[in-house]
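Just so it is clear, none of the values below were taken in a lab; they were calculated from the coordinates. Computed from a predicted model, the values in this text were never measured in an experiment. Note that we place each Cβ from the backbone using ideal geometry, even for glycine, and neighbour counts take in every protein chain shown.
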Amino acid sequence: MSARSISSLRHYETPAGVPRLPSPNPWFTLDPYQGTITRQQFEQKLRTLYDPFSVFSAYYQITDSQVEIYPSVKERRYPQFVLQFAPPNQPQPPMRWFRTPAEFRAESHPADKPLNGLRVAIDPGHIGGPWAQMEERSTRYHGSAPVQEGDLNLITARLLRQELTNLGATVFMVRDSTEPVTPYRPEDMIPAARDLLMAHSSHSTNLRALPQDKLNLLFGQRLMELAEFLFYRCSEIVERGNRIRNNFVPDITITLYIDATPGSGRGRLTVANSNIFFVHGSYTRSEMADPEMRTRCLYKMLEGSSDIEAEVASDIASVFQEVTGLGPVKYGDSSTTRQVIPNNLYVVARNLAANREYDGPVVCTEPYFMNNQIVYRRLLAGDYDGVRNFDGKNYRSIFREYADCVTKGLLKAYTSTPVIAGTTPNPPVTRQSK
């Protein structure tokens, strides 16, 4: 397997073999959605959001009344799943355990607690701490102290939790330390990594005859690198999804990240700076070839979260635009993304692991370039009161700015409270079952 092939796996995909909740048939989770979508809606959602590269159609047979999903392009004897369509113009409301912003706004809330009862899951992206080097999220710029994204996201998450709690929201933190959520460790991923390396080798048939210890020596460092990747990028994300699923019922999940240019990993600073916000969708050809991803694609489509994600992401993005003055990362319609709101480049659909593995509406916030010349100094400064001067301009704590923007974006989406840049409004809900 070439270095380039390994690099292609080090993306946002969750390769087969990564531990997840056991299930005799992962398609059974789709049964409650029978008759909730018409053929026209199904095809339109695939074409415009989830399958813009027209790959999924090779795996199904469709009629006006149903769609049969098959295990592969060639294997079409028995469908894995059959989804019955609703009659034209007569879709049944899907089973939904989260509220739309409009539904939440229609409820009564105390004036000093405008987000009272809103259920928000916060996922501070990456792990940080002693794991930051392994997950390739620890960088030094010009001899400075290391900038570790997992640690930075956790600072923002704690501030965001406090702000939302003060406004009445019920908040669930997916992690609150720099330790992995998954019980697995890199050594547990070695068998799955070995299988992936063999599957991508042109000599896979001969390799399978070798004992495991010889295979380990043959693959060398590549084996451990891939096992580490499966640990921190795949198993960790899957387990975070399980943690939310088993412990909380969010109306919205916010995943917190900080962006960077490709030069960041090489310690290069830049004057560039932009914001970007991701919602779920835009499966690529290679991703659609994974049966687990096809299952998740269909689940995410049927649960009905896409419109909520677009609305909330747009409102959060608009606040960031007003506060930071930064333009968008110009993904638009690319080889991995799709623009979801006309004339809005801040919000794009992309098949990121967290957006895919977490149930319900998920918005991935990824503002700032951490290797921007001023941003990285603001990050190194940590959280602080008041303002500090950087290159002749006063700045608040970047962590408070980040948390405030997300808070104001949620206020804009879920309430009628006027949101003014630079201000914050004055400040247990019964669990609902799915």
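Of note:
- The chain has equivalent-ellipsoid semi-axes of 35, 30, 19 Å, by the square roots of 5 times the alpha carbon gyration tensor eigenvalues, sorted largest first.
- Extension gain for Asp290 to Arg47 (0.36 nm times residue separation, less C-alpha to C-alpha distance): 85.6 nm.
- Each part gets one Cα centre, and for the stretch 32-107 versus the stretch 210-238 those centres are 36 Å apart.
- Each residue, Asn246 and Gln61, gets one label point 7 Å from its Cα in the Cβ direction; the gap between the two is 3.9 nm.
- FRET efficiency, Asp333 to Ala272 (Cβ-Cβ, R0 22 Å, nearest 0.05): 0.55
- In terms of surrounding Cβ atoms within a 10 Å radius of their Cβ, Trp131, Trp27 rank from fewest to most as Trp27, Trp131.
- Placing R0 at 30 angstrom, the Cβ-Cβ distance between Asp213 and Arg185 gives a FRET efficiency of 0.95 after rounding to 0.05.
- Listed by chain and number, the lysines placed with their C-alpha closer than 17 angstrom to that of Lys45 are Lys300; residues fewer than eight positions away on the same chain are left out.
- Cβ-based charge dipole, the stretch 73-144, positive-most Cα from Ala106, Pro93, Phe81: Phe81
- Ordered by the count of other Cβ atoms within 10 Å of each Cβ, fewest first, His126, His200, His142 give His142, His200, His126.
- Computed about its Cα centre, the charge dipole of the chain is approximately 440 debye, with only Lys, Arg, Asp and Glu carrying charge at their Cβ.
- Normalised by 2.2 N^0.38 Å, where N is the number of residues, the C-alpha radius of gyration of the stretch 115-184 stands at 1.29.
- Hydrodynamic radius by Kirkwood, which averages 1/r over all alpha carbon pairs of the stretch 251-328, in angstrom: 15.2
- Distance from the C-alpha centroid of the stretch 116-170 to that of the stretch 248-273: 10 Å, rounded to the whole angstrom.
- Nearby lysines by direct alpha-carbon distance to Lys412 (threshold 18 angstrom, same-chain neighbours under 8 apart not counted): Lys113
- Fewest-first sequence of Glu179, Glu163 by Cβ atoms within 10 Å of each Cβ: Glu179, Glu163
- Value at 222 nm in deg cm²/dmol, rounded to 500, when DSSP H runs of n ≥ 4 in the chain each add -39,500 (n - 2.57): -9500 deg cm²/dmol
- Gained length - Ala102 relative to Asp383, 0.36 nm times residue gap less alpha-carbon distance: 97.7 nm
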